[in-house]
Every structure is written in C-alpha cells, then in structure tokens.
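Visitor: Here it is, the structure, as structure tokens.
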Amino acid sequence: MKMDRNEAVLRELHLYPQWQRRSQSVSVEQAMPAPAAALTEPLPAEPVTAETPAEHTPLRPLDSLDWSELKRQVHDCTACKLRAGCTQTVFGVGDERADWLFVGEGPGADEDALGEPFVGQAGKLLDSMLAAIQLRRGKNVYIANVVKCRPPGNRTPEAEEIATCMPYLRRQIELIQPKVIVALGKTAATALLDRDATLGSLRGAVHRYQDVPLVITYHPAYLLRSPLEKAKAWQDLRLAVATHAAIGGKNG
Ligand code: URA
C-alpha cells in the first residue's frame, strides 16, 4: 500500500476536507465456571440473571482451550457482575488467523443486542479506518474487546472486571497469533500493556504485547466526539501499516 494517501482515502476515513476482579485474589482460571462436559452441547438459551448461582465445576486452564471451547467458556462466564446486566456475551469476530487484531474496550448497546463487536456508530467509523488501510472486517482482521459483556450505561469497565476478563483476550491472542495489534483507546492500551498511562503518551511508538507489535490509537467513539483527532489516528494507522509491512505481514 502506498503511504502517501490521496484525497479519496481521506474522504473514506472522513478526514477530508477538514483535517482538522471478581474478588481481588481470585484468578480467572479459578473463577471461571467451565462445564467441560457440556462443551459439545448446543448453547443454552436461557438468560443469566443476577440470581444465577455460580458453578464450581473443575476448571480447565484457558491455555488448553481451542476456539470452540473458549467460545463456550466465554458464553457461560458469570465470573463478574457484568454478565448479569447484559443481554449476551460478545466474543469477537473475524479471521481467526488474522495478521491484524483490533482491540476495543467493551460492547455497547448495539453490540450487546447483536453479539458482535463494533456494529454501532463507532463500528462504522472503525470500518472506515480499516478501509483506509485497505483492510476489512473478517479478512485478515480480527476484532475483539477487553471485556466481553456490556458495562451498564456504557461506563468504563472497572479494573476488577478487566482483570477477570483479560485472560479470554489473552487466549484469543494466543490462538490468532496476530502480526500487529491495534489498541483502540486507553482501556485497551493499558489492559494490554498492563500499566496505566495517558493515551497521548502512548501514541506514536510501537509497543509490545508479549512479542507482538502493539500500536495504540484513539477509540473510534472518541473520534466521533473529537473529529479533529482523526488526523492523529491516521498517523497511528500509518505506523501500524508500516510495522506490518516491516515484518512481512500478508496483504489482504
Ligand atoms: N466500543 C468498543 O470498545 N467495543 C465495541 O465493540 C463497541 C464499541
């Protein structure tokens, strides 16, 4: 891909003409109910409520789970309070061996209703951002969130909720083996880096999640509120593309 982007691409990105812990010491492996015997059964339809009793079946380590087992475990998870307040878990979507992994914060109302990440207004902008670097959802791209259940009122997930849910994202990353991870917003960035920092201080550098290059940019929902920052997001995407090219990632 040529890096000197033309007006058409900037238009596509809407940049033109104006550039302007459940309980703190419980690990998820300990906390997650894993009804291993039910792994091959159809997913149950009944909603989980706050009254649903926690199960204490023996748990399988997440790092032993394949995609279908991991999906089931996320589906069945009641390890933090978010599950009682959401419609369904939102696992992630896309090419399970993608070079590109985009990580958001957590499902919003639209994602909660449809069960897929980034399907609302922020998702439309994310799709435009992908198109601007010649990517599209599902094709060499995987999209996931830090937390798999919608926080009430779209609030930021709490530290304990993030800590409880992160092992799922970690296992997704192990299975995908992406070449580049793009963190969308501060929640994803700090969860993947496991340290707190401002988004502004993290942008513009290639970080690492384990051995995987990690580029940090603004969350699309923030860009919808602050369109002048899209220029910076564009720089970040260019950095991600250059990083992907430098390590010989596959196109398309
Ligand atoms: N915001 C996110 O962080 N993730 C989504 O899936 C949707 C909106």
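Visitor: State which residue pairs qualify: first residue over 16 Å from PRO107 (Cβ atoms) and among the polar types (S, T, N, Q) and inside the range 130-155, second residue part of a loop (DSSP other than H, G, I, E, B) and open to solvent by 10 Å² or more (accessible area, probe 1.4 Å) in any location, beta carbons under 7 Å apart, and separation of 6 or more residues or different chains.
Guide: As it stands, the answer is GLN134/MET1; ASN140/ASP95; ASN140/LYS250; ASN140/GLY252, since those pairs meet every condition given.
Visitor: Kindly establish whether VAL119 is within 23 Å of PRO227 (Cα to Cα), open to solvent by less than 20 Å² (accessible area, probe 1.4 Å) and outside any helix (DSSP H, G or I).
Guide: No: the conditions fail for VAL119.
Yes/no per residue for (1) modelled with pLDDT of 95 or more; (2) farther than 19 Å from THR187 by Cα:
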residue	(1), (2)
PRO61	no, yes
TRP67	yes, yes
ALA109	yes, no
GLY115	yes, yes
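Visitor: Quick check: is even one residue across the range 139-155 part of a helix (DSSP H, G or I) and crowded, with 20+ Cβ neighbours inside 10 Å?
Guide: no
Visitor: Something else about it: Given VAL103, VAL141, which one is hydrophobic (A, V, I, L, M, F, W, C) and more than 13 Å from the ligand (Cβ to nearest atom)?
Guide: Going through VAL103, VAL141 in turn, just one is hydrophobic (A, V, I, L, M, F, W, C) and more than 13 Å from the ligand (Cβ to nearest atom): VAL141.
The values are calculated or read from the model by the stated rules, or taken from the named source; none is laboratory data. These numbers were taken from a predicted model, which means no experiment stands behind them. Don't worry about glycine lacking a Cβ; one is built from the backbone with ideal geometry, like all the others, and counts go over all protein chains shown. Just the protein is used for accessible areas: all its heavy atoms, side chains included, with ligands, DNA and RNA removed. Shrake-Rupley method; radii C 1.70, N 1.55, O 1.52, S 1.80 Å.
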